[in-house]
Structures are given as structure tokens and as C-alpha cells.
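The next block holds one structure in the form of C-alpha cells; read it before the comments.
The values are calculated or read from the model by the stated rules, or taken from the named source; none is laboratory data. None of these values were measured; they are calculated from a predicted model. Backbone-built Cβ (ideal geometry, glycine too); neighbour counts: all protein chains shown. All accessible areas refer to the heavy atoms of the entire protein, side chains included, with ligands and DNA or RNA removed. Shrake-Rupley method; radii C 1.70, N 1.55, O 1.52, S 1.80 Å.
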Amino acid sequence: MKSGACSIGSLANSDVRVGVPVIVINGRFLTQPLRGVQRFAECLVQELSGLRNDLCVVAPHGELRMREIGGLPVYQWGHLSGYLWEQIELPRFLRNANSELVLCLGNTGPIGGRGMVLALHDVTYLDFPGGYPFAMRLWLKTMTPILVRRSREVITVSHTAKRQIVSHYPAAGNKIAVVSNAVSGELTGSGPETVQRHDFLAFYHASESKNCAILVEAFRALPNETLRLVGPAPESPVPPNVIPLGRLNDSQLLDEYQHALGFIIPSLSEGFGIPPLEAQANGAVVLSSNASSLPEVLADSALFFNPRDVSDLVDKIKRLAADPALVTRLRSLGSENWRRYSWKSSAERLNEVLNSLKRGS
């Protein structure tokens, strides 16, 4: 156990109590597939654990991605899972644990949890509802405004996301802070200098907000260029120069970044967008949509295009493929850009928020 961490004892005993106030971290993210939201939670907790000695991580029973995070043991409590665990059993734990605050880093939290700090990454389910199953969309539209009102503080990942959240949920306006994403150490590297980079790389997702159909259209018009797609294969047929890779682990993804000439992100909506920074950390240049938070996150380090204009994307791909000087300049700017963000500085910002809330309690 991490020195100074809260001691709870055996959580199999529902009557066990903690004598000193603690900040409880909702560890439900450890039961979910590792995507951007879950990576945000993991990396922040790992860094935050070095700044505080009053943290306790609790998760549902079942399979976890890790049983210790940042030196903090992950305690498993209750018998339910998913939303039911979060709404029924987590509040019961919070009462027993004498919690001061509950830190919920994955867009949802317990309505019955007092002192909640809620991370809300975006409101894409409102702006692009077609990308969400009906039940999930209904749950988020019903629960999120309640959670925002009841939270002590809301955090989000960019100033663009902050503006979007406040426009939909004005109750967040006087209690919302920006805690940025960053690149995790597992996906940081410059890539071999001798590798000849030719291909383009992108993540595929079927949702409307990710706008991936434009990628296939663009490369259908560019038969001499190759696009490698990370993620599930598109349902519609793709041209031979579009290569679906399936889901990749971190090691495989790192290799793809380090061999790509360019990384393309065509999203219509992003709360932040970690993959472009990962690409920059590995020597790939970024072609980015000029929508949502991406210009904020990437500043002048990317070649931007109109995500609703396939001809603009085609022109930008041609320009990048034909202009080595442009590639060199963007690679240099990208190397500077991704370093503006770090999990350490983000954890320090979150720590300031927590300290402010504790002083005001």
C-alpha cells in the first residue's frame, strides 16, 4: 500500500468504516475498455497519488484492468456492476468511508454521492445524438444535468469543451475547471529516423461526430496514397488503398505512429483529442479538422481542413505528400506542441481544485 494512503481494511465487510475523511475515487473506469476517457482517469490518478495521502480507489467486483494504480490499492465493493453499482452501492460505500469528496473522472457519477467532482469530457450526445444507442442517450440526457447541478465542481478537458458544456448546462458556469489531457508514457517516442514514412494513419469510428466517412471518400480519390485505419472495420466496402487494422494494443499503435507520414483526424466534435498529440509525440505530422476543440489543442502545429469538404482534405493530403519542407516544419511544430501538455501538470491543476474544495467545505 502507498505510504500515507487511506486504510480501509477488508471491504467485504459492509459495516467497515474509515475514521479519517478521505477523497474517494470512483474506479468504475477500471472495469471499462481502455479508451480516451479511461486513459485520462488512469493517468490522472497515477500522478495525483504522488501529490496526496488522502485518496482511496474503489471499484465494483469483477475483472479489473489493474488492482493497484499509482501505488494505491483498488478496493472492490458490492455485488453489482456498471450504472447500478455507481448509483446504488457506491453511495453506500461513500457513507461508510466518511468521504469528503468523490472524484468521478468518467462522465458519470452517483446522484447520491455528496461532494462530487465530476469530469465531463464533452456533450457530443447532445450535439450528435445519432452516434449513441437510444438507452445510453436517454440516460445521459436525463442524468447529466442532475449530476452537474449536484456536483461541487465540474472539470473538463479543454476550453472549447467548457464553453459547450456551459451552453447546455448553465449550472456549470461558476464551478467548472479545465484539466487537460496529455500523452501517456507508453505512447511517447520519436520513432526510428531511418524509416521512410509514406502512409497515412487514422482512427475509425462509425459515429457521426467522428466523421470517418470522409476518410474513405478522400482516399478513393487518391489511389496512389495509403490509409491505415485503427479500429473496427468500416461496414461499407473500402478501396484497396484503405487498410483496416482492427483494434491495436499500445505497442502496436506505437509502431503505427512511428511509421506514419501523417495522422488524420476528421472529427466534427472532440472534447480534446489525444491521438493527434500521440502522433506528434512519435514524429507523424497531423492533418486535422478545423472544428471543435482541435484548433485549440493543436494551435499552429497541424495542417487544417474543412471536415465537411472532401476536396479540401484531398488537396491537403496531396500537399503534404508532395512537400518535404512542409512535413519537416510541421514535425518540428508538432514536437513542441505535444509537450505543452503533461499528466503531471494536469494532476497539479486537479489537486488545486481538490484543495480549494476542502478549504471551502
Task: Mean separation of Cα contacts under 8 Å (6+ apart) over length of the chain, as relative contact order % - done: 14
- [ ] Please work out how much accessible surface Lys344 shows to a 1.4 Å probe, ignoring ligands, DNA and RNA, in Å² rounded to 10.
- [x] 120
Task: the stretch 62-102: GluC sites (Glu not before Pro) in DSSP loop, at most 14 other beta carbons within 10 Å - done: Glu63
Task: Overall form of the stretch 293-346 per C-alpha gyration tensor (a/c, 1.5; a/b vs b/c) - done: oblate
Open item on the list: So if I restrict to the alpha-carbon atoms in the chain, what is the Rg, and what is Dmax, the biggest pairwise distance, in Å?
Closed with: 21.4, 68
Open item on the list: Once you place label points 7 Å from the Cα toward the Cβ at Ser81 and Ala177, how far apart are they in nm?
Closed with: 3.4
TODO: Estimate the FRET efficiency between Arg92 and Glu352 by the formula 1/(1 + (r/R0)^6), using the beta-carbon distance for r and 35 Å for R0, to the nearest 0.05.
DONE: 0.70
Open item on the list: Compute the helix-to-body angle for 134-150: its Cα long axis versus the longest principal axis of the chain, expressed 0 to 90° and rounded to tens.
Closed with: 60
Task: Stokes-Einstein D for the stretch 104-221, Kirkwood Rh over Cα pairs, 4 °C, 1.567 mPa s (µm²/s) - done: 77
TODO: Might you work out the accessible area of Leu138 for me, using a 1.4 Å probe with all protein chains in place, and round it to the nearest 10 Å²?
DONE: 90
TODO: With r as the distance between the Cβ atoms of Ser207 and His159 and R0 = 22 Å, compute the FRET efficiency 1/(1 + (r/R0)^6) and round to 0.05.
DONE: 0.40
Open item on the list: What distance in nm separates the two pseudo spin-label positions at Glu186 and Leu34, each 7 Å out from Cα along the beta-carbon direction?
Closed with: 0.1
- [ ] Would you mind computing Rg(Cα) / (2.2 N^0.38 Å) for the stretch 227-361, counting N as its residues?
- [x] 1.22
TODO: Determine the principal axes of the Cα atoms in the stretch 196-296, then give the extent along each, sorted from largest to smallest and rounded to whole angstroms.
DONE: 34, 31, 24
- [ ] State the Kirkwood hydrodynamic radius of the stretch 135-180 in Å, one decimal place, computed from all pairs of distinct Cα atoms.
- [x] 10.9
- [ ] Apply the Karplus parameterisation 6.51 cos²θ - 1.76 cosθ + 1.60, with θ equal to phi minus 60°, to every residue of the stretch 259-276 and state each ³J(HN,Hα) to the nearest whole Hz, in sequence, with x for glycine and proline.
- [x] 10, 8, 6, x, 10, 10, 10, x, 4, 8, 8, 9, x, 8, x, 6, x, x
- [ ] Would you list the P(r) distribution for the stretch 256-298, with all Cα-Cα distances sorted into 5 Å bins from 0 and each bin expressed as a whole %?
- [x] 5, 28, 33, 19, 12, 2
Open item on the list: Using a 1.4 Å probe on the protein heavy atoms, what percent of the accessible area of the chain belongs to carbon and sulfur?
Closed with: 50
Task: Rounded if a/c under 1.5, otherwise prolate or oblate - the stretch 29-185, Cα gyration tensor axes - done: rounded
Task: Efficiency of FRET between Ala322 and Asn241 - r from beta-carbon atoms, R0 22 angstrom, step 0.05 - done: 0.85
TODO: Would you kindly find the accessible area of Cys43, with a 1.4 Å probe and non-protein molecules such as ligands, DNA and RNA excluded, rounding to the nearest 10 Å²?
DONE: 10
Open item on the list: Which residue fluctuates most in the GNM of the chain (Cα springs below 10 Å): Gln32, Gln196, Gln87?
Closed with: Gln196
Open item on the list: For the chain, take the longest principal axis of its alpha carbons; what is the angle in degrees between that and the long axis of helix 343-360, to the nearest 10 within 0 to 90?
Closed with: 30
- [ ] Would you mind working out the accessible area per residue for the chain, using a 1.4 Å probe, and quoting it in Å²?
- [x] 43
Task: Listed residues Met66, Met116, Met136, Met143 arranged by accessible area, highest first, probe 1.4 Å - done: Met136, Met66, Met143, Met116
